[in-house]
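**Q** Take a look at this one; I'll ask things after.
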């Protein structure tokens, strides 16, 4: 049964998260001094103060402007600027200043670039690994419009995890402008095919947009079929009234059920909770106690 899209949903108690503005202000100042973007800031992530208080962040390379106009995402859209080569050193400086051991690198979609920005992902990753060799890197990539050369490049960048978010179920893909469900699956399949054997693939899905349980489980199955074994499942929260509205708030108990279903299907590690996001607590996916072996 589909949720009623016309029924107004009130934010439940379990989504009333306290925000530490002092911790956020301190991290904002540090990142602004370096001149680097984070997806935490651009997408108004609900975990921003928690992560910033722990001095962790997901760095947004290739600028803060996306070439697509997805109706759920707060990242600015428009005509991007030229690729900033200084980001190679800016990201390393941020990693060093924050003493990070695990770094997540992502970007907006850059359909204006022939390779979608893949070479920049590769260069940033290699620069981190050469300069701060004890740091592990995870990449969260756009689909590069399924450019195989780009996919091969990031798959062999040295990152321990290469992720691409499926975001929602096929029926609701209209919210992902210029994206195709099967193409996203193909990207994950090709990463797994061309990456070194110890590299894991990861994906994420948002709930609460009107999907059914059967549709969600079907997406899990599709991800397993393309070799993706790391999964994040979280609640969609509209950045403002201008975006897709929340159709349903998924309970913590439902998230626990989805987690168990995914684990039973063969995922090696699953983070499923209302505030789970693809890069939230990303280092946990590589801990030995989670049985993810590198």
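The values are calculated or read from the model by the stated rules, or taken from the named source; none is laboratory data. Nothing here was measured: the structure is a model prediction, and the numbers come from that model. Cβ: placed from backbone, ideal geometry, glycine included. Neighbour counts: every protein chain shown.
**Q** Given the conditions (1) part of a helix (DSSP H, G or I); (2) without any contact (Cβ under 8 Å) to a residue 12 or more places away in the chain, which single one is not true for residue 241?
**A** (1)
**Q** Across segment 244-269, what is the number of residues that are part of a strand (DSSP E or B) and more than 22 Å from residue 103 (Cβ to Cβ)?
**A** Within segment 244-269, the first condition is being part of a strand (DSSP E or B), and the residues that meet it are 269.
In the following step, the residues that additionally are more than 22 Å from residue 103 (Cβ to Cβ) were identified as none.
Counting residues in segment 244-269 that are part of a strand (DSSP E or B) and more than 22 Å from residue 103 (Cβ to Cβ) gives 0.
Conditions tested, residue by residue: (1) modelled with pLDDT of 70 or more; (2) out of contact with any strand residue (DSSP E or B) (no Cβ under 7 Å at 6 or more places or on another chain); (3) on the phi > 0 side of the Ramachandran plot.
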{"site": "23", "(1), (2), (3)": "no, yes, no"}
{"site": "49", "(1), (2), (3)": "no, yes, no"}
{"site": "58", "(1), (2), (3)": "yes, no, no"}
{"site": "70", "(1), (2), (3)": "yes, yes, no"}
{"site": "74", "(1), (2), (3)": "yes, yes, no"}
{"site": "83", "(1), (2), (3)": "yes, yes, no"}
{"site": "92", "(1), (2), (3)": "yes, yes, no"}
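**Q** Can I ask one more? Can you tell me which condition residue 226 does not meet? The list is (1) in contact with a helix residue (DSSP H, G or I) (Cβ under 7 Å, 6 or more places away or on another chain); (2) over 28 Å from residue 160 (Cβ atoms), and all the others hold.
**A** (2)
**Q** Is it true that some residue in segment 286-294 is in a loop (DSSP other than H, G, I, E, B), at pLDDT below 95 and crowded, with 17+ Cβ neighbours inside 10 Å? So that I can check it myself, show each step before the final result.
**A** If we filter segment 286-294 for residues that are in a loop (DSSP other than H, G, I, E, B), which is where we start, we get 287, 291-294.
Narrowing further to those that are at pLDDT below 95: 287, 291-294.
Those still in the list that are crowded, with 17+ Cβ neighbours inside 10 Å too: 292.
Yes, segment 286-294 has at least one match.
**Q** Can you name the number of the only condition in (1) within 20 Å of residue 109 (Cβ to Cβ); (2) at pLDDT 65 or above; (3) not in a helix (DSSP H, G or I) that residue 44 fails?
**A** Condition not satisfied by residue 44: (2).
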